[in-house]
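Structure record follows, encoded as structure tokens.
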Amino acid sequence: MARGSSAGYDRHITIFSPEGRLYQVEYAFKAIKTSGLTSVGVRGSDSCVVLTQRKIPDKLHDADSVTNMYHITDKIGLVMTGMVPDARKSVTRLRSEAAQFKFDYGYDIPVSFLAKRAADLAQVYTQHANMRPLGIAMIIVGIDAEGEKMVPQLFRCDPAGYYVGYKATSAGQKEQEATNFLEKRFKVDPNPSLSYDDTVQLALACLQNVLGSDLKASDIEACVVRNEQQKFTRLSADELEAQLTALAERDDDIATRDA
């Protein structure tokens, strides 16, 4: 329990402190950072990519069964950062919401509406004393059709029930450092026309920068959605290695040019 001026105000989720804060919601945000993982999402002109660190907590675990990437529909997916049980429960509920939408209206749920439903459900957990906020941040990606045009979508939803669309975003332990890196990149060009390769390599460069070490394909997992395929697809180890190699060569070219 918090001490000092905040003592007692974190006993129940529905109690405001004198400063107008809900401490249990703030604790949920801290739970995301204590997961030890950092996730990044970037939206390009014709694609979106989400990637996160890949850590196997126990040598006896089957590595193929450990993931933070989840399909919601064939075209929409997300990366969860935080408490894995909370994440799996939320994924099950969102899949149900997407299936019900398709049953009711006859077409796939838009990414923006799914993000809104995820935020609405998360916000309910901040209202009742018999619940606790979910300790997860979700970065949702997909492709929406606007007329004949296909538009990549990237949303982030947090434990407070706040959601908004992003050009690029991050979540987890090194969230602030990743956000600073992305803000510098988009400050130079606020509306870059990123190709698929540029989008993937920007996300990889961001994660590599905040972790302070060269990445290996086995250290990360990445999924993409593209206008061409409109499928939420996991990148293989070979595809990740090719992107990491291209990123390293590009950095070498920049260093040589600057010298």
Looking at segment 194-201, can you tell me whether even one residue there is small (Gly, Ala, Ser) and either in a loop (DSSP other than H, G, I, E, B) or surrounded by fewer than 16 Cβ atoms within 10 Å (Cβ to Cβ) (or both)?
yes
Which is free of Cβ contacts under 8 Å to residues at least 12 places away in the same chain and among the aliphatic types (A, V, I, L, M), of Ala237, Ala145, Ala246?
Ala145
Are any residues in segment 77-93 open to solvent by less than 10 Å² (accessible area, probe 1.4 Å) and not small (Gly, Ala, Ser), and if so, which ones?
Leu78, Val79, Met80, Thr81, Val91
Verdict on Gly165 being at positive phi and within 15 Å of the chain's Cα centre (by Cα)
no
Residue match in segment 143-163 (condition: within 26 Å of Lys231 (Cβ to Cβ), hydroxyl-bearing (Ser, Thr, Tyr) and part of a loop (DSSP other than H, G, I, E, B))
no
Exactly one of Tyr9, Tyr27 is at pLDDT below 90, more than 30 Å from Glu148 (Cβ to Cβ), aromatic (Phe, Trp, Tyr) and surrounded by fewer than 19 Cβ atoms within 10 Å (Cβ to Cβ), and that one is Tyr9
Among the numbered criteria (1) without any contact (Cβ under 8 Å) to a residue 60 or more places away in the chain; (2) over 17 Å from the mean Cα position of the chain (by Cα), which single criterion is violated by Ser112?
(2)
Just checking, does segment 94-113 include any residue being under 22 Å from Lys30 (Cβ atoms) and buried (at least 17 other Cβ atoms within 10 Å of the Cβ)?
no
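The values are calculated or read from the model by the stated rules, or taken from the named source; none is laboratory data. Everything quoted here is computed from the prediction, not taken from an experiment. Backbone-built Cβ (ideal geometry, glycine too); neighbour counts: all protein chains shown. For the accessible areas, the whole protein counts, side chains as well, though only heavy atoms, and no ligand, DNA or RNA atoms are used. Shrake-Rupley method; radii C 1.70, N 1.55, O 1.52, S 1.80 Å.
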